[in-house]
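The values are calculated or read from the model by the stated rules, or taken from the named source; none is laboratory data. Note that the coordinates shown come from a computational prediction; the quantities given were computed from them, not determined experimentally. All Cβ positions, glycine included, derive from the backbone under ideal geometry; neighbour counts span all protein chains shown. These area figures cover heavy atoms from the full protein model, side chains too; ligands, DNA and RNA do not enter into them. Shrake-Rupley method; radii C 1.70, N 1.55, O 1.52, S 1.80 Å.
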Amino acid sequence: MSLLEKLTLLFLKPIVRKKSRKSLPQLDGVLNLDGITEPVKIYRDQWGVPHIYAANLNDMAFAQGYAHAQDRLWQMEINRRIARGQLSEVVGRSTLDTDRASRILGFGRLAADDLAAMPEELATALQHYANGVNAYIQANLQKLPPEFGLLKLTPSPWEPVDSIAFGRLLSWQMSYAWYGELIRGKIIEKVGEEMARELEIHYPESNPSTLDLGAESNLIMENGLLEAFKGPFLQALGGSNAWAVSASRSRTGRPMLCNDPHLPLLQPAIWYENHINCPELHATGVSIPGVPLVMIGHNENLGWGMTLAFTDIQDIFIEKFTDGSLTHYEFKGETREATIIAESINIKGEESHLEKVVITHHGPVISGVMPTGDFKLTLASKALGPSNMMEGWYLLNKATGWNEFVGAMKKITSPALNVPYADNKGNIGYYVTGEVPIRKNGDGSTPSPGWTGEYEWTGTVPFEEMPYSYNPAKGYIVTCNHKIISKDYKYNLGNAWMNGYRANRFDKLAANKEKFSFEDMKAWQNDVYCTPGPIFATHLRGLRLDDLRLEAMKQAMLNWDGMLTTESIPGSIYETTKYYLFNRLLQGKLGEELMAGLRGATFNPNLMPQGEFYGHDTSMLLRMLDNHESLWIKAAGGKEDVLNKALGDAYQYLSEKLGPEMSGWQWGRLHKAEFHHTLAQKRPLDKIFNQPEFSLPGNTDTLYQTAVLASDPRGHNVIAPSFRQILEPTKWNESACIMPPGQSANILSPHYNDQLPMWLEGKYHPMLWKLDDVIARQLHLLELLPTAATATIPPTAQSLLTNS
């Protein structure tokens, strides 16, 4: 830290702490508020989780908005500005490219369309959610979180489109398979099709698929990119694990459902725990601040989770424009008129920027391809089409069984998710959401000519034929972003699945036990066995090494048990050797940019931290090492020579980084992480808002996934379990979860980071469900009472505190 940064920190830290103390929310007592019609009670437990009891849906939504604003108002403000392209008016020109990207993709425009088509009941609840946020803002304008003061910003009233727009942004971030098309095209151009074929994604045959066609999915159902895309702040979502275990495989005789979404570690967390109760619905789990309801969790009847499905719902088209102003383009020999939208973006301290958004029937123009400017790239994405996503989540929160669950899944036309299911009747299931296009020709793996009409989307895979499962014979369903279907499935869902090593590990753990316990679920969510590590080590067995230091490294790997703990020395050798082997094989022919793309890096790590090649470098290397005719191995001097040199590179790095003695090469000394705050990009604010760095076990291929960003493989930006839940239907009060670092965004709140130590130790806290338990564990009780202007006849205590 420079002297200037130290002085700035000395000046800012007491100011931020003073404003943080002032902005701590009221958690006890009584508040009289306009906007609710009957009394609402908000209990908060020892982890800061609000348990909201309301007499009707609209008052519940109001209270949830109020609670979100109490703990996460700054996060909500940033999120809506990212989604609606309004960062630059408070941050300045540095975020203009991010704003341009959001305006081009049109999250705000899509949100307005969604709101207009939304069922009245849900639209009304969404307005009441916004009213709750605004009630908090208006009452606390002089006590705003310190981030507002640092940017000299006063929040404008929250609107329903703010919630929907951020949901739209998340939906797009959870959609894959377009950036890889560009990487493939460039690689083929660079090295030719034969060498490029070795670098393609090939799902390892030894790893499982979620469903076996005919056994699981046919059951009868029970009743060159635009500069705008190079801005900070936007974060794409990562992978996840989830599994549902049937009652027949559970020691309790009840089903269990587990989920742990893997996301960038942020301060505060992307999630917010809450328990909501009104006559229309009763649900608990995590929500996203700024968006009502529960996204992952359970209601009275069933529980659910989610992982990314990685189905191919996006394509790149090359458009042939007929004029320099991009108003007309060619399609099937005719000229079509493009849609032109002028988006004005305010910039702090400067004149506004006017963004010309050009949209063809395929989608928005996102780049120029050729120097003449006549050809442009457009993004066709199901995530940018009509969507009933919020209605789907509303129906899911209220669902009573499998049929209603499936009905909710049908509404979620994007994003593409695996959604596991378990209910209190003992059933388990699974459904894949998101519309997948049917292509006239091609498979969408490379950019397609848009002017010929030969590569159009001709329809979507029928919802009834999307992969699903209900009470599978083997007694469990696991989804770890791996391949969903067998090769005989008749529709093309793409080839962007992750490599399947996590699912492979789960299957092996499950095969060792006839019945599973709650403690097994905890252990498996925290399991750090690295399946490909020992496989990689076998390729060193016959390696002749004259350097005794390298021989010691080889022997350490050959004797490794595969557990990638923070204390593992072989794990450090494996990860480092693999990294340098990849470099030695590819860098000479591909160059730094394309090699990074094959690791999963993208044009911008903030907008899109990883592409669909992410995590496939390991399986790619193992295929090459197994292939005696590999062109890449031959070009690098042969298998023995390149492995010898990669081990030497690893030794040099480890000895310089951790010291010459191998006894000090623990994985935890290399593999570190921290939770990053939005403003931490501006030093020394990172010293105020970020959590101190800590060591982590695992890697991309362990069930406890802790994957470094492909754009920064040596950095401390890690994708890891952002939330863990273990649900027990019929005994909901025995369910447990953990959400690091904590509920509050206020640095002086006891819930700023109180869940982080538990998370690091693999511990959980109970998900309180019954009212008696909520009251017994409460630390705070805030009562919201309607003013005379909005009150109705007071409900009885029984109707207010309904507890199923």
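The alpha-carbon atoms of the chain, seen along their principal axes, cover 84, 69, 66 angstrom, with the largest extent given first. Of the residues 389, 283, 419, the one whose Cα sits farthest towards the positive end of the charge dipole of the chain is 283 (charges of +1 on Lys and Arg Cβ, -1 on Asp and Glu Cβ, taken about the Cα centre).
Taken over the range 81-171, the percentage of Cα pairs per 5 Å bin, counting from 0 up to the bin with the maximum distance, is 3, 14, 19, 20, 20, 15, 8, 2, 0.
Distance from the C-alpha centroid of the range 621-641 to that of the range 282-311: 45 Å, rounded to the whole angstrom. Checking the Cα-Cα distances for 398/425; 731/770; 522/578; 474/513 against a 20 Å cut-off, the pairs over it are 522/578. Each part gets one Cα centre, and for the range 1-41 versus the range 118-173 those centres are 17 Å apart.
About the centre of its Cα atoms, the range 637-753 shows a dipole size close to 320 debye [charges on the beta carbon of Lys, Arg (+1) and Asp, Glu (-1) only; nearest 20 debye]. Surface exposure of the chain, expressed per residue as accessible area with a 1.4 Å probe, stands at 36 Å². Among residues other than residue 144 with Cβ under 14 Å from its Cβ, the summed charge is +4 (Lys and Arg +1, Asp and Glu -1). Once label points are set 7 Å from the Cα along Cα→Cβ at both residue 34 and residue 332, what is their separation, rounded to one decimal in nm? Distance between the two pseudo-spin positions: 5.6 nm.
Full extension of the chain between residue 486 and residue 656 gives 56.6 nm of extra length, using 0.36 nm per residue less the Cα-Cα distance. Solvent-accessible area assigned to carbon and sulfur over the chain amounts to 51 percent, based on a 1.4 Å probe. Here the ratio of the Cα radius of gyration of the range 308-347 to 2.2 N^0.38 Å is 1.71. Given a 1.4 Å probe and the protein chains as shown, residue 772 ends up with an accessible area of around 120 Å².
In the chain, taking the dipole from charged Cβ atoms about the Cα centre, the farthest positive-side position among 58, 646, 244 is held by 646. A 19 angstrom limit on the alpha carbon distance is what I want to check against. Which of 6/682; 589/657; 589/645; 18/152; 186/376 exceed it? Too far apart for the 19 Å limit: 589/657. Remark: the range 306-351 carries a charge dipole of roughly 100 debye about the Cα centre, counting +1 on each Lys and Arg Cβ and -1 on each Asp and Glu Cβ. Taking every protein chain into account, the 1.4 Å probe leaves residue 114 with about 20 Å² of accessible area, to the nearest ten. Relative contact order of the range 410-478: 34 percent, from C-alpha pairs under 8 Å at least 6 residues apart in sequence. Taking all protein chains as they are arranged and a probe of 1.4 Å, the heavy atoms of residue 508 leave approximately 110 Å² accessible to solvent. Charges only on Cβ, +1 for Lys and Arg, -1 for Asp and Glu: so what's the dipole of the chain about the Cα centre, in debye to the nearest 20? Dipole about the Cα centre, nearest 20: 1600 debye.
Here the sum of -39500 (n - 2.57) over DSSP H runs of 4 or more residues, divided by the residues of the chain, equals -10500 deg cm²/dmol at 222 nm, to the nearest 500. Largest first and in whole Å, the equivalent-ellipsoid semi-axes of the range 120-198 read 46, 19, 7, each the square root of five times a Cα gyration tensor eigenvalue. Taking 7 Å steps out from each Cα toward its Cβ at residue 694 and residue 443 produces label points 4.2 nm apart.
Of all aspartates and glutamates in the structure, those lying under 18 Å Cα to Cα from residue 320, and not within fewer than 8 positions of it along the same chain, are 330, 334, 337, 374, 454, 456. Accessible surface comparison of 200, 89, probe 1.4 Å, protein chains only, largest first: the order is 89, 200. FRET efficiency for the pair residue 547 and residue 631, taken as 1/(1 + (r/R0)^6) with r the Cβ-Cβ distance and R0 = 41 Å, rounds to 0.90. Put 489, 529, 53, 455 in order of accessible area, highest first, and with a 1.4 Å probe you get 455, 529, 489, 53. Among DSSP beta bridges whose residues both lie in the chain, state the antiparallel percentage, nearest 5. The antiparallel fraction comes to roughly 85 percent.
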